[in-house]
Amino acid sequence: MPLNTWLLFVTTVFFVSATPGPNMLLAMTHGIHHGVRRTAVTCLGLMSGLGIIMLGSAAGLGALLAASEQLFSIVKYAGAAYLIYLGIKTWRAIPQPVTEVADDESIRHTPWMMFRTGFLVSMSNPKAFIFFTALFPQFMDARLPQGPQLAVLAATFYVIEASWQFAYASGGARLAGWLNSARRLKLVNQVSGGAFVGAGLLLSGVSRH
């Protein structure tokens, strides 16, 4: 994988992962209530669910590439169009105040329960399968073995996603207050949306290797 392709992937994922979705809000909430050290178990659950989703997406892409390179190209360009659509949708989204994920204080939060909560929240979004299927082909060379490429992409996504989760967990109440500003949340949406659109446009204009 060329270095410039990998750097573009890093830049895209950095801004995409920063968007305060369900995973990040759960990490933030548990960070507020339980501290960063205990919330590490929640993050482990979130990342475990994410790993299963990525494995499923990678297996599907590998089978698709083995079956037909032309079909792989179709999926790749359709994925680029989907990224542009997500970017426009995110950019135009009306800022909503960030609220904490409901946390029942009457329940004793054992490490297993916190892990399970993180895992279930991560697995609860079926759109994640579509997202990874759309994202990964944009940065792959169909002539090269897909295994090593998918491993690099997945590992990079893992590191960036985990870093943001711990940032949300450690930021806790301060980060929640910062994101409750409509102006700041709109800025986050615009930066994330711009990253989606930019990646989609750039990658759709690059000929398939």
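The values are calculated or read from the model by the stated rules, or taken from the named source; none is laboratory data. The structure displayed is predicted, hence computed values, not measured ones. A quick note on method: Cβ atoms are made from the backbone with ideal geometry, for glycine too, and the neighbour counts reach across all protein chains shown. With ligands, DNA and RNA removed, areas are computed over all heavy atoms of the protein, side chains included. Shrake-Rupley method; radii C 1.70, N 1.55, O 1.52, S 1.80 Å.
Here's a check for you: in the stretch 26-63, which residue that is more than 18 Å from residue 120 (Cα to Cα) and modelled with pLDDT of 80 or more is surrounded by the most Cβ atoms within 10 Å (Cβ to Cβ)?
So, considering only residues that are more than 18 Å from residue 120 (Cα to Cα) and modelled with pLDDT of 80 or more, the one surrounded by the most Cβ atoms within 10 Å (Cβ to Cβ) is 36.
Could you look through the stretch 1-25, keep only residues that are part of a helix (DSSP H, G or I) and β-branched (Val, Ile, Thr), and pick out the one that is most open to solvent (accessible area, probe 1.4 Å)?
The first filter runs over the stretch 1-25 and keeps only residues part of a helix (DSSP H, G or I), leaving 3-18, 22-25.
From what's left, β-branched (Val, Ile, Thr): 5, 10-13, 16.
On the way: 5: 30, 10: 38, 11: 72, 12: 7, 13: 1, 16: 25 Å².
Restricting to residues being part of a helix (DSSP H, G or I) and β-branched (Val, Ile, Thr), the top hit is 11.
Return the only residue of 176, 182 being at pLDDT below 80, touching an Asp or Glu at 6+ places or on another chain (Cβ under 9 Å) and either open to solvent by 60 Å² or more (accessible area, probe 1.4 Å) or small (Gly, Ala, Ser) (or both).
Values: 182 fails: touching an Asp or Glu at 6+ places or on another chain (Cβ under 9 Å).
On inspection, the qualifying residue turns out to be 176.
Identify, please: which residue in the stretch 75-132 is outside any helix (DSSP H, G or I) and β-branched (Val, Ile, Thr) and is, among those, modelled with the highest pLDDT?
Here is the first cut: in the stretch 75-132, the ones outside any helix (DSSP H, G or I) are 93-110, 124-126.
From the residues that got through so far, the ones that are β-branched (Val, Ile, Thr) too are 94, 98-99, 101, 107, 110.
Details: 94: 77, 98: 55, 99: 55, 101: 48, 107: 48, 110: 84.
Ranking the qualifying residues of the stretch 75-132, first place goes to 110.
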